[in-house]
Every structure is written in C-alpha cells, then in structure tokens.
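In what follows, a single structure is set out as structure tokens and then discussed.
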Amino acid sequence: MSKLFALLKKFALLLALCLAYCLSSAHAAFINGQSYVSLADWAHANGLKCYWLKWGDEIVATNRTTRLVFDKDSRMVEVNGINVALSFPVAADRGTLLVAQLDINTAIRSLLFPPRFNDTKRITTICLDPGHGGKDTGNHTFWHSEKTCTLALALELRDQLQKAGFNVILTRSRDAYVELPDRPALANRRGADLFVSLHFNATETARNEVEGPETYCITPVGASSTNARGEGSDYGPTIANRVEQKSLLLAYQIQKSLVRNLAVEDRGVRRARFAVLRDAAMPAILIEGGYMTHPVEGRKIFSDAYRRQLAQAMVKGILAYRKLASPSVPPSLPATNRPAAKGAGDSSAKFSSDNEK
Ligand SMILES: [Zn+2]
C-alpha cells in the first residue's frame, strides 16, 4: 500500500511539474535574428508530452513512437536515440526552453512527420562518390591515405548494393583525381536516385577522444553549416535544397544504422554545403565513416573486415530510407529507448570547410 502511495505521490509531482512547466511556456521570442517558439507549446500542439529530465537544462518531448531530448544551449537534439544537429542552439527564457522555428521546419518536423513523397519512380540507381583521389590524398595518418580507404569502402559498398538489387555508378573506380563539381554532375547526368559521398575524418587535437561517424546533408536556407567557421558562410538556396527533406531522412537512416549496427560513438547527423552536395538534384549525403586519427577506430578503418561492416550498415540504412520514402510511409518513426551516446559535442574536433569536399 505504501508503495502505491509513493507511486501516486511521484505521479502527482510529475503532473505538477508538467503543469507548472506548460503554464509557464506560452511564449515565443526573437533571439539573434531568429524566431523561437516554446518547446512545450510546440510539443503540445503536436501531441507530444514534455517533462524535464534535468530541471532548467534538459527537456524530453515524447509520445507513443517518438522521444526527443533537447538541451539548453545545445545545437544537438536527440531524435529516438540518434543525434541530429540543429541550425541554432536551444535557448532558455523565463524557465522554459525555446527552439528556433527554422529548426522545427527543417529538421524536427521532417524527421518526425516525414511527408508522403509521391514519387512514382523507385529508387534503383545509386551514385557512390569515393572522396578525394589522385593528387588529392585527403587525410593522411598512420601511413594510410583517406583516398585509398574511401575507394576500398566504395568498391565494397558497390558490391553489396548490387547484391541487394541496385544499379551503382561510381564517380571514380581507381586512384584518379576528379574535380568536385564533376561528381554530383555525373550523378545528375546519369539520373541517379541517391548520391552518397564517402570520406573518413581526422582531427589534429584530441586524437584519443574524437571518434565515430558523422553523416552530412545540405544546410537549410538561412542557416550556417554545422562545420561553418563563422565568417563567409553562404546562406542562400542551392539545387540540393529542393530535396533537402529527403536528404535529411536519408542521412538520419544511415547514421542510425551505423550507430546501431556498429556500436560506434554517435557524432550525429550534421549539415554542410559541401561542393559535392550543393549541386546534387537527388537526395545526397556525405558520410564521414569515422576518425582515422583515433588509435582504435583508425586501425579498424584500415581493415577490410570493418569496411565490410560499414558497408553492410550503409546498405541497411539505404533500405530503411527506401521503405520510408515510398508512398505508404508510416506517420512517424519507430521509437527506441536507446540512450544517447556521450561525447557528441563538437568542440574539440576539426571540421573541414564547405569547400574542401
Ligand atoms: Zn575527406
């Protein structure tokens, strides 16, 4: 009986906290030129319940199939256990958390309520783009060049995708230099349905700490990239912005598959106006398959066996995307209670600028 009483007391406290939070939330704000809305208001309007995980710092918005975790001042939201970069940090105001309307429109809504894509064409042809090549070696570490690793991964992924029934085009199938604009141009010319650029990452500092894959898709119009170095960011629309919702969904499915199948650190879905993404007319992503500079992950990246596993996870992600992108898409993504991987912050990592790939 006392257990039941304690449980009721906990429930009442939670209810009171939710009510107090929701009552205090009915406001919006304009911060650094961005329109922000109350997370509680948005959650309520979309059938999600919200409560504090850490009072004043971390909010969960959830329903039967979805769990979102927002942190104050953070540019990462956790969507069903996977980190997704926001364009603007979560803000705090008068005891509630606020999120930029642009992020609701271009990140959160697209993942939670994927639009019914009325494509009649099935996804059959995939263009793979092994990063770098020829005179452009990419990252070079532990006596290995990125250009060799990306080509080996692309050839493995090609074989696996062909086994799964896809047609595959490669922007290069040997150690050759290919100009960046020529890569998406080939995909456009050949009518590819998806474009997947493959890279491996490196960092000069914190080599022992920074590890795990990142998956990039095009930056929304009006926002700066996750990897922007401040000045000189171009906020305007690109060809890729026409299909940015699909690219985000593809990036999310690939990142999710990598994190779940390989038990790696989740560095999240990120946004960048990389030259190879900007001009792609089809859903396009760039995968940084892990950090060559990390002593453990690096060694794995240099092995055929691990690259085979990477390719397997990528195929699973592409198949999951194809299922969602078909006209009979379910109303929201399946829920999981997988805890977020730690270390998704990006302060110590080196990021390439948009024009390097
Ligand atoms: Zn690269």
**Q.** Label point distance in nm, Lys323-Arg174, each placed 7 Å from Cα along Cα→Cβ
**A.** 4.0
(Q) Give me, ordered by chain and number, the residues 5 or more places off Thr203 or on other chains with an amide H under 5 Å from its own placed amide H. (A) Thr293
Q: Please list 306-315, 76-85 highest first by mean number of surrounding beta-carbon atoms within 10 Å per residue.
A: 76-85, 306-315
Q.
Whole-Hz ³J(HN,Hα) for each residue in region 267-277, computed from phi via Karplus 6.51 cos²θ - 1.76 cosθ + 1.60 with θ = phi - 60°, x for glycine and proline: what do you get?
A. 8, x, 7, 10, 10, 7, 9, 4, 4, 6, 8
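How high is the FRET efficiency between Ile239 and Arg299 when r is their beta carbon distance and R₀ equals 56 Å, given to the nearest 0.05?
0.90
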Q) What do the square roots of 5 times the Cα gyration tensor eigenvalues come to for region 164-224, in whole Å, largest first, as semi-axes of the equivalent ellipsoid? A) 27, 18, 14
Q. Taking θ as phi - 60°, what are the ³J(HN,Hα) couplings along region 254-261 by the Karplus curve (6.51, -1.76, 1.60), each to the nearest whole Hz, with x for Gly and Pro?
A. 5, 4, 4, 5, 4, 5, 6, 7
(Q) Could you give each residue of region 166-171 its phi-based ³J(HN,Hα) in whole Hz, using Karplus coefficients 6.51, -1.76, 1.60 with θ = phi - 60°, and x for Gly or Pro? (A) 8, 8, 10, 10, 10, 6
Q) How much length, in nm to one decimal, is gained on full extension between Gln101 and Ala45, taken as 0.36 nm per residue of separation minus their Cα-Cα distance? A) 18.8 nm
Q: Once you have the Cα-Cα distance between Ile31 and Trp55, take 0.36 nm times their residue separation minus that, and quote the gain in nm to one decimal.
A: 6.5 nm
(Q) Placing one identical point scatterer on every Cα of region 270-328 and ignoring solvent, what is log10 I(q)/I(0) from the Debye formula at q = 0.20, 0.26 Å⁻¹? (A) -0.95, -1.06
Q | Student exercise, region 229-297 dipole from Lys, Arg, Asp, Glu Cβ charges, in Debye to nearest 20 | A | 220
Q: About the Cα centre of region 112-241, how large is the charge dipole given +1 on each Lys and Arg Cβ and -1 on each Asp and Glu Cβ? Please answer in debye to the nearest 20.
A: 580
Q) What residues qualify as long-range amide H neighbours of Leu98, i.e. H under 5 Å apart, gap of 5 or more or another chain, H built at 1.01 Å from N? A) Leu39, Ala91, Ala92, Asp93
Q) Which value, to two decimals, describes the C-alpha radius of gyration of region 58-154 once divided by 2.2 N^0.38 Å? A) 1.57
Q) How many angstrom lie between the C-alpha centres of region 256-288 and region 163-195? A) 16
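Each reported figure results from applying straightforward, stated rules to the coordinates on display, with no laboratory input. Since we're looking at a predicted model, the values are computed, not measured. With ideal geometry, Cβ positions are generated from the backbone for all residues, glycine too; neighbour counts draw on all protein chains shown.
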